1. Can you name the residue in segment 60-75 that is in contact with a Leu (Cβ under 8 Å, 6 or more places away or on another chain) and either of a type in the set (Val, Ile, Thr) or at pLDDT below 90 (or both) and, of all such residues, is nearest to Lys29 (Cα to Cα)?
2. Which of the residues belonging to segment 86-101 are surrounded by 10 or more Cβ atoms within 10 Å (Cβ to Cβ) and of a type in the set (D, E, K, R)?
3. Does segment 69-76 contain at least one residue that is closer than 22 Å to Ile97 by Cβ, of a type in the set (Phe, Trp, Tyr) and more than 11 Å from the chain's Cα centre (by Cα)?
4. Quick check on Ser6: is it surrounded by fewer than 11 Cβ atoms within 10 Å (Cβ to Cβ), of a type outside the set (Lys, Arg) and part of a helix (DSSP H, G or I)?
5. Let me spell it out: the conditions are (1) open to solvent by 60 Å² or more (accessible area, probe 1.4 Å); (2) among the acidic types (Asp, Glu); (3) under 23 Å from Val4 (Cα atoms), and Glu83 meets all of them except one. Which number is the exception?
6. Return the only residue of Phe73, Phe58 being of a type outside the set (A, V, I, L, M) and more than 22 Å from Tyr22 (Cα to Cα).
7. May I ask you to list the residues in segment 22-59 that are modelled with pLDDT under 95, among the small types (Gly, Ala, Ser), under 17 Å from the mean Cα position of the chain (by Cα) and surrounded by fewer than 16 Cβ atoms within 10 Å (Cβ to Cβ)?
Amino acid sequence: MLAVGSACLVLPYLFLAAPAGYLADRYSKRDVIVRCKIAEIVIMALAVVAIMIGIYLFMFVVVILIGAQAALFGPAKLGSIPEMLRPDKLSSANGMIGLTT
């Protein structure tokens, strides 16, 4: 079960890395971030339901969705930092983002 759950979380990163970068470059990073955060709220509500129901397959699907959301969110989040800050602040901002994520 642990291996399947881990695979469910990691596989979306492998399959969505290129599309996530494309989305972050093609569309407004703000829009991508906002939509990913809305999706995160919905997915976490589904996670609560999955845990309450106790159906393992549903839980694995939710873990896949969590991995997909995280994979799509990352490039937009990190790509927005250079657009918002001066170059001398990038290093500390990357550290703070890494610390708080």
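1. Ile66
2. Lys89
3. no
4. Judged against the criteria, Ser6 is not a match.
5. It is condition (3) that Glu83 fails.
6. Step by step, each of Phe73, Phe58 is checked, and only Phe58 is of a type outside the set (A, V, I, L, M) and more than 22 Å from Tyr22 (Cα to Cα).
7. Correct list: Ser28 only.
The values are calculated or read from the model by the stated rules, or taken from the named source; none is laboratory data. Predicted, not measured: the structure shown is a model, and the values here were computed from it. Every residue, glycine among them, receives a Cβ derived from its backbone with ideal geometry; neighbour counts consider all protein chains shown. All accessible areas refer to the heavy atoms of the entire protein, side chains included, with ligands and DNA or RNA removed. Shrake-Rupley method; radii C 1.70, N 1.55, O 1.52, S 1.80 Å.
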